[in-house]
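Read the structure below first, then the notes.
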Amino acid sequence: MFAAGEEHRQKGICLMLEMWLGGLQGLLHLDVLGFVFLGMVIGLVFGAIPGLGGTTAIALLMPLTYGLEPFTALALAGGVMGAVPMGGSITSILLNTPGTAPNAATCLDGHPLAQQGKAGLAIGAAGSANAIGAIIGTVSVLAVLPIASDLVLMFGPPEFFLMGLFALAIVATATRGKMLRGLVVGALGLMIAFVGFNDVAGGERFTYGIEYLWDGIHLVPALIGLFAVAEMIHLMVKGGSVAQSGSPVKITKMTAGLLEVFKHMPTVIRGSLIGTIVGAIPGLGGTVVAFLSYSVTAQASKNPESFGKGNIQGVIAPEAAICAHDCSALIPTLTFGIPAGAEMAVFMGLLIIHGMQPGPLMLRDHQVEIYGLIWALTASCVLASFVGLLFVKPLAKITQLDSGILVPLVLSTAFAGSFAIDMAIENVIVTAVFGCLGYLMMRYDYPRLMIVVALVLGANTERNFHQSMLMGEGGWSIFLNRPISVGLMIAIAAVLCLPIFRGVFNQLRVRKLAAERSGP
Amino acid sequence: MRRFFGTPVVDYLPAFVLFIIAVIYLVTGYGYTPQARAFPVTVGWAAIVLVLLDITARTHTAAGETLTRWFNPAALPKNDEEGPHYARAKEIAAVLWAAGFAALIVLGGFLVAVPVYVFASMRLRGKRPLWFCLVIGAAATLFIWALFTQLLQIELYPGMLFPEV
Amino acid sequence: MQDITRRNVVIGAGAAASALTFPGVARSAPAFPAKNIQFVIPYAPGGGFDVYVRIVAPVMEKYLPNKVTIVPVNVPSGGGSRGVAQLYRAKPDGYTIGILNIPGMFILQQQQGSGAYDLAKFSWIGAMGEGERYVINVGAKSPLKTFADLKALSAKRPIKLSVTGPEGTAYAASVIGTQLLGLRTQLITGYKGSADYVVAAVRGDSDAVIAAIPTSMRFVRGGTVRVLASFEAKSSFPGVPDATTLGQPDLDNISVERVVAGPPGIPPEVQNTLSVALAKALADPVVVKWAKENDVVMRSKTPQETTQLVAQQRAFFDKWKKYLTPS
């Protein structure tokens, strides 16, 4: 009996490997590779322009794919999705303009590096982290795919709620030097997150009758404001160029960034694992994953105060997580049709148009196409990193452009991109308002990290809580009856207590050292 | 400069503004049904408490300094590497330029606002030669127009003053 | 001389040819359409309505008198109301059309209380397909095996039903359907998207879920979900009771219609051209094949049928208004 089970499992693994190789084989045709390359170029460009991203790119490419074979259409989409993060990192680092929402985490340390004249280093590191993150993510996904559907089913509203709290807790304790102010803006972010139509009870909240606010404050326009516009205001005040005059722009060699990544391998692996695991569960999303990876790395680091001032790890951690997440976000999308974000939603539309229904059948009937897609995504991510590395020198020159020219151009593109997301002119107003807010936060030293995570998580966390209450018929016991929930609660407690333990531990150590010094 | 508990009044401003926002939020929040207001009101009260702590931390009293040392060491005088001080007028001007651009977009649409703003910004702020400003202004507008309306087939906002003809 | 004569012949032949190809407009090429047509989709790209438009629009282009492109434009703000308002205010020249979710738009207007558009006044062009009906599903691992089991459970305690937010059609279908069937429910609201709330039932968050047939079919085929009852007049699922069997014919009125419309006041000839093109597109083999693979019936409707349908849906949902709007 055992022998039969073992044989069945071995057969299953063999079949999977066959499909896995089949996906690779399907990719290695000149025309298919051509489409991956085309997707990559489009992804890079769309990723770089704020407001446009994978979502717009795939939506626009849909008509072009009509005549294509499903496999080729997926290769094109994979090409786009793999390159978007790299495009976004470039503008995040050079101009503090997040090309896509997750890249906002890259701005935190990437832009200070550019200001110190180390733009080339930052871009190189981002590219390398992207590539390695994608590879680790792909391998993990392939390992997880067979049990993917069971995994997705283990996480429900109670787990999503606790995951949201966990992410908030980690990010809150990560801004150690500014925790009080971090919590203040976190609360502000949560308050803003509750604006809009209440999905659970019905009825609008805090919209004051404005129709645009029905969907709440749109996230990407707000981020463009908080980071890009705020930085442009700052440049207008400061004058000069992004790279502070006086710091020699190190036209770094292509390999410098790559070397940095290898120096910090644990960070890359940690980031990739966070990206993969959290991406496979349709709860948190790419933006939170990037900030989570950033925060965990900051916490684990020996000098957390250096984060936000140009610590290269602050670039490596989120970039690895983003690419790994993009790979594993395919899991809930493909196995259940639950899109892990707007980009995945459009991608699902593309699948349906080509006759592939996301769902349990997808894994059964279209395994080769899925593996082909994953290969295309990984290949595009790695390729996009190379392209980024190649263009490091000319890109870094942008940081030397005078603000008189740079600011109007960036603001024009930022506002236009913000509008183009969903054709709503109010997006421009939101961007402007958050731009002023972002500048004030910079000026008065309130960390922007917390407000972003709170904005993203606020509404979902509340929704999951109410759904959990409805599931458990009003009692809190629902959180205690589920093993994963209990585990998450312990984790949250641990994260919140960690700073206290660390503080006490440090005090003890200081006292011990002082005693030794004044001893015999 | 008036001082309040040892700190210039002006330094309290950010926390005070946040306090006002939290109060307005709470007042609005209490108008909703219990289930709808549960989370917002909790967060609102938490915000009030945190902002009060922030205000206390900004004072130069014993309590304030303990708070700062434990929870916000980055704001301590010795840690607070004072960044370069910019003239307040310059800051306000910069914010107004950005806000003005946004307002111009809303009123006149992108194809009016972009050339006007780029030209004005480069000429008045940047003090570049006239021909240079015109060229860059035109180039920026052309770039935005080509990228959005031609390549992406996205209609750019025409402006409140110029409704679709 | 000879050249002119040959040229005249060519011109004459051309005129004759166009007279033959465009029977209604004998002497000159039709004026409509002379430029690209915008197809407004009041939802984000990738959603159900978006997919329908992107499949049908390129095929519809073929059946228009002149060669133009139909450009899909997504305007998702405001839950869809922005796009609908934009369509309402557009110039009624046939160059802006859109797809509307009926009864979704009624429900949305009820929730928002907006006066920006009057749903009775749109120029109805047709509909993409037969309305989708709803079914009651349970997870494959659920102990409930028949509708009778469900009814028995409802007598003991309220049934937990996962639904979308109150602005969604699934919510309305669940509320109305369970009212008609006399089932006590506890709604777990707020799931986003068309798959999430069905997965909730598979996962065990809820006891059952009421979903549209094409969505349910995906899960049925994957073996993760079982259909207990259908709201159709005649069930397309063997062995499953339908509206007639359950004695509630009104259940068949709950449907999601994908209606194509233009702003109020489109000239009749233009409306007709669009309507005919749409009908032909829906009968095109490419569309028929896709529809079959996705459990959708692509029967088109004439403008008159559509007007009637919209009025009927409005009356139905006005009746149920008090159950659907917040107290």
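A few notes on this one:
- Residues A:Phe227, A:Phe46, B:Phe4, C:Phe106, ranked from the fewest to the most other C-beta atoms within 10 Å, line up as B:Phe4, C:Phe106, A:Phe46, A:Phe227.
- When only alpha carbons are used to place a centre, region C:142-158 and region A:297-360 end up 40 Å from one another.
- Normalised contact order of chain B, rounded percent, pairs of Cα under 8 Å and 6 or more residues apart: 16 percent
- Pairs of alpha carbons in region A:1-126 whose separation is greater than 23 Å (percent): 49 percent
- Cα pair distances of region A:262-408 binned at 5 Å [whole percent]: 2, 9, 14, 16, 16, 14, 12, 8, 5, 2, 1, 0
- Normalised by 2.2 N^0.38 Å, where N is the number of residues, the alpha-carbon radius of gyration of region C:163-235 equals 1.04.
- Most mobile listed residue (C:Gly48, C:Gly222, C:Gly262) in chain C, GNM with C-alpha springs under 10 Å: C:Gly222
- Average other protein chain Cβ within 10 Å of Cβ, residues A:334-343: 4
- Taking Lys and Arg as +1 and Asp and Glu as -1, the other residues whose beta-carbon sits under 14 Å from that of A:Ile233 total +4.
- Residues in region C:250-258 carry Karplus couplings, in order, of 4, 4, 5, 6, 7, 8, 9, 9, 9 Hz; the curve used is 6.51 cos²θ - 1.76 cosθ + 1.60 with θ = phi - 60°, and Gly or Pro positions show x.
- FRET E, pair B:Leu52, C:Glu305, Förster distance 41 Å, beta-carbon r, rounded to 0.05: 0.05
- Net +/- balance of residues flanking C:Pro76 in space, Cβ distance below 11 Å, scoring K and R +1, D and E -1: -2
- Toward the positive end of the charge dipole of the protein assembly as shown, with +1 on the Cβ of Lys and Arg and -1 on the Cβ of Asp and Glu, the farthest Cα among A:Gly51, B:Asn72, C:Val53 is that of B:Asn72.
- Spin-label pair C:Ala34/B:Glu155, simplified geometry with 7 Å Cα→Cβ offset, distance in nm: 1.8 nm
- Taking A:Val195, A:Val428, C:Val288 and counting other C-beta atoms within 10 Å, the order from fewest to most: C:Val288, A:Val195, A:Val428
- Neighbourhood charge, 13 Å Cβ-Cβ cut-off, centred on B:Gly31 and excluding it, Lys, Arg +1 and Asp, Glu -1: +1
- Region C:257-280 versus region A:118-190: alpha-carbon centroid distance in Å: 48 Å
- Sites excluded, trypsin sites (Lys or Arg not before Pro) in DSSP loops with at most 15 other C-beta within 10 Å, longest stretch of chain A: A:1-249
- Cβ charges +1 (Lys, Arg) and -1 (Asp, Glu), total dipole of the protein assembly as shown, debye: 1640 debye
- Antiparallel beta bridges, as assigned by DSSP with both residues in the protein assembly as shown, represent about 60 percent of the total such bridges.
- Kirkwood hydrodynamic radius computed over the protein assembly as shown comes to 30.2 Å, based on all pairs of distinct alpha carbons.
- Diffusion constant of region B:88-151 at 25 °C, which comes from Stokes-Einstein with the Kirkwood Cα-pair radius and 0.890 mPa s, µm²/s: 199 µm²/s
- Legend: mean number of C-beta atoms from other chains within 10 angstrom of residue C-beta atoms, peptide C:186-198, equals 6.
- For region C:132-253, the pair-distance distribution built from all alpha carbon pairs, in bins 5 Å wide starting at 0, is 2, 13, 25, 28, 22, 10, 1 percent.
- Stokes-Einstein D in µm²/s, Kirkwood radius over Cα pairs - chain A at 20 °C with 1.002 mPa s viscosity: 91 µm²/s
- Sites matching trypsin sites (Lys or Arg not before Pro) across region B:54-145 that sit in DSSP coil, with at most 10 neighbouring C-beta atoms within 10 Å: B:Lys78, B:Lys127
- Chymotrypsin sites (Phe, Trp or Tyr not before Pro) restricted to region C:239-327 and DSSP loop, no more than 10 other C-beta within 10 Å: none
- Shielding by other protein chains, A:56-64, mean Cβ within 10 Å: 4
- If only the Cβ of Lys and Arg carry +1 and only the Cβ of Asp and Glu carry -1, the dipole of region B:3-81 around its Cα centre is close to 160 debye.
- Label point 7 Å beyond Cα of A:Lys263 along Cβ direction - residues of region A:313-351 with amide nitrogen under 15 Å: A:313-317
- Mean shadow area of region A:136-273 over all directions, Cα convex hull, nm²: 14.3 nm²
- Cα-based shape type of chain B, given that a ≥ b ≥ c are square roots of the gyration tensor eigenvalues and the cut on a/c is 1.5: oblate
- Positive end of the dipole of chain A (Cβ unit charges, origin at the Cα centre): among A:Gly117, A:Ala280, A:Phe291, the Cα lying farthest that way belongs to A:Gly117.
- Translational diffusion coefficient (Stokes-Einstein; Kirkwood radius from C-alpha pairs) of region B:3-81 at 10 °C, 1.306 mPa s, in µm²/s: 115 µm²/s
- Based on Cα contacts under 8 Å between residues 6+ apart, chain A shows a relative contact order of 28 percent.
- Among A:Cys14, A:Cys327, B:Cys133, A:Cys436, the order by Cβ neighbours within 10 angstrom, fewest to most, reads A:Cys14, A:Cys436, B:Cys133, A:Cys327.
- Here r is the Cβ-Cβ distance between B:Phe162 and A:Ala515 and R0 is 60 Å; the resulting FRET efficiency, rounded to 0.05, is 0.20.
- Selected from A:Thr335, C:Ala152, C:Gly265, residue furthest toward positive end of dipole (the protein assembly as shown; charges at beta carbon): A:Thr335
- In region A:151-212, the chymotrypsin sites (Phe, Trp or Tyr not before Pro) that fall in loop regions by DSSP, at most 10 other Cβ within 10 Å: A:Tyr208
- Taking the C-alpha atoms only, the angle from helix B:110-120 to the longest principal axis of chain B is near 80 degrees.
- In a reduced charge model with +1 at each Lys and Arg Cβ and -1 at each Asp and Glu Cβ, chain A shows a dipole moment near 2200 debye about its Cα centre.
- For chain C, the Kirkwood estimate of the hydrodynamic radius, built from every pair of different alpha carbons, is 21.4 Å.
Just so you know, all these numbers are worked out from the coordinates, no wet-lab data involved. Since the model is a prediction, treat every value here as computed from it, not as a measurement. In this analysis, Cβ positions are derived from the backbone assuming ideal geometry, glycine residues included, and neighbour counts consider all displayed protein chains.
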